[in-house]
1. On the basis of being crowded, with 19+ Cβ neighbours inside 10 Å and among the hydrophobic types (A, V, I, L, M, F, W, C), does LEU63 make the cut?
2. Out of all the residues in the range 177-192, is one or more in contact with a strand residue (DSSP E or B) (Cβ under 6 Å, 6 or more places away or on another chain), modelled with pLDDT of 95 or more and either outside any strand (DSSP E or B) or at positive phi (or both)?
3. Here is a list of conditions, (1) part of a strand (DSSP E or B); (2) more than 15 Å from the chain's Cα centre (by Cα), and MET224 meets all of them except one; can you say which number that is?
4. Determine which member of the set ILE101, ILE77 is of a type outside the set (Ser, Thr, Tyr) and closer than 28 Å to VAL18 by Cα.
5. If the Cβ limit is 8 Å and pairs must be 6+ apart or interchain, which residue in the range 162-181 that is more than 17 Å from GLY242 (Cα to Cα) pairs with which residue that is part of a loop (DSSP other than H, G, I, E, B) and of a type in the set (Gly, Ala, Ser)?
6. Could you tell me which numbered condition THR167 fails, if it satisfies all but one of (1) modelled with pLDDT of 95 or more; (2) assigned to a loop (DSSP other than H, G, I, E, B)?
7. Looking at LEU202, LEU241, LEU210 in this structure, which one is within 18 Å of the chain's Cα centre (by Cα) and in a loop (DSSP other than H, G, I, E, B)?
Amino acid sequence: MSVDETQLVLEAGDARVVVLARDGGRLGSVTVGGRELLVGGDPQDPISWGSYPMAPWAGRVSLGRFSFDGRTHQLPITMAPHAIHGVVYDRPWSVVTPDTIAIDLDDRWPLRGRVVQRFALLDDRLEVTMTVEADEPMPVVVGWHPWFRRALAEGAEPVSLLFRPGTMLVRGADGIPTGERVPPTAGPWDDAFTDLAADPVLEWPGQLRLSIASTCAWWVVYSMPEHAICVEPQSGPPDGLGPSQGGVGRSPDVVAPGRPMTHSMRWTWTRLG
């Protein structure tokens, strides 16, 4: 393992992971046996490549507004007409140790706190842990947004997804859950799910099988792009910062001084050839 001020590089067996601290604290590259799993991209367009953390909210916030503790807050509109994916994926993080990076929440979020990510790589798996610490009580939804390549080599068979959710949220024309829960429909998706029967599995035929586990109970799957598929664990649903938001009538998790939130994501791979 090596480290500098801009990135972490972790290696185990034939697996190699590059964490780009300066480019939103994201996984910029994950290779197994020389095969790159993630879509690459331009740091000037931070939303559609690598695997980046989402905090202190994940997914869309309707019209960028949420209410907490008797006050209504307005977030910057980053994907009109909504706010999307938090305030840590598009800013530099600080390298703390050879396996840890951290960032303070900036003024686009109205409440003070910080986010810490830790990374652990073994020959057959990668684990990422995210902790949100608060200087004052705040609602929090965290998650990760990986962009997996459809094919691991030119001309190779495309990836398949084994995904067995029990519940799907109906998405309105504005991209926000309507409040209705239904049995999952057939894809392609840009939708939120919960009540999974098993961990999602991506399989690139003859090359690699990847199981994605998380302590998060919610998942967003974005399978519309031709070049990529996104399987995103989230601690809450989209638009989930308020008790009447997220289309599910649930109260958000609240982080407070001395009471942080921690969630993890684990990728476990099996080489197929």
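The values are calculated or read from the model by the stated rules, or taken from the named source; none is laboratory data. Predicted, not measured: the structure shown is a model, and the values here were computed from it. No Cβ is skipped: glycine too gets one built from the backbone with ideal geometry, and neighbour counts run over all protein chains shown.
1. no
2. yes
3. (1) is the only condition that MET224 fails.
4. ILE101
5. Pairs found: LEU162/ALA198; ARG164/ALA197; ARG164/ALA198; PRO165/ALA197; GLY166/ALA197; VAL170/GLY247.
6. THR167 satisfies every listed condition except (2).
7. LEU241
Yes or no, residue by residue, for (1) out of contact with any Ser or Thr (no Cβ under 9 Å at 6 or more places or on another chain); (2) acidic (Asp, Glu); (3) modelled with pLDDT of 95 or more; (4) under 21 Å from ALA80 (Cβ atoms):
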site	(1), (2), (3), (4)
GLU11	no, yes, yes, no
SER29	yes, no, yes, no
GLU36	no, yes, yes, no
PRO43	yes, no, no, no
